[in-house]
């Protein structure tokens, strides 16, 4: 078994705390992505990385940070600067014109 | 970046063929057209991809006219389990084997299949 792994599936945090969402892949993807999805809405791109040690801001990068120290890992940190962090977060890899998505992490900030 | 326009929702009955059309007037020469399916609280899943004319796989067909400004996803004989949101995407360059740096997901089309 393999693919894109995200953990945990559900995450609860208090307002003002930073939280890091995990994304791991064993598909040898060079490119990886983080999306945010709000109820009834489409996916919005937060950050993407096309190669190790390099990443680019997407449409809604404010209040988020990422790192890409290893090809297999692309963690997303939701900082206290993100005004409305409660959402469903999806990580994806890309290969040969197809994106492969993880199962998602539902973050709830109390 | 090529944006897409799809109907917000569609209704169908089991056993019918469903056609969902997507407009992408600003598609670039090297862009591919890709459709994804998403169930609630899950990540989107690849359905089909094409560049021009017609593509068919075991679950769907994709029709792309010569001007490539639109595309139609065709789902034959839908069942209740096809109830989902369907997204049409146009790649931001990159081409086959490359890396599409910024794929844009719109709100998609919510398909409801009734018994």
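Any read-out appearing in this document is the output of simple, stated calculations on the displayed coordinates, not a laboratory observation. In this text the structure is predicted, and so the values were computed from the model without any measurement. As a convention, Cβ positions derive from the backbone with ideal geometry for all residues, glycine included, and neighbour counts pool all protein chains shown.
Full extension of the chain between residue B:46 and residue B:16 gives 8.6 nm of extra length, using 0.36 nm per residue less the Cα-Cα distance. Placing pseudo-labels 7 Å out from each Cα toward the beta carbon at residue B:72 and residue A:81 gives an inter-label distance of 4.8 nm.
Panel order for B:107, B:52, A:70, by other beta carbons found within 10 Å of each beta carbon, from fewest to most: A:70, B:52, B:107. In chain B, Cα pairs under 8 Å separated by at least six residues give a relative contact order of 35 percent. Using Cα pairs closer than 8 Å and at least 6 residues apart in sequence, work out the relative contact order for chain A, in percent. Result for chain A is 35 percent. The distance between label points at residue A:41 and residue A:17 comes to 2.4 nm (points 7 Å beyond Cα on the Cα→Cβ vector).
Between residue A:96 and residue A:26, the simple label model (points 7 Å from Cα in the Cβ direction) yields a spacing of 2.0 nm.
Legend: calculated FRET efficiency, residue B:9 to residue A:108, from the Cβ-Cβ distance at R0 = 35 Å, rounded to 0.05, equals 0.80.
Beta-bridge orientation, the protein assembly as shown: approximately 90 percent antiparallel, per DSSP, counting only bridges with both partners inside.
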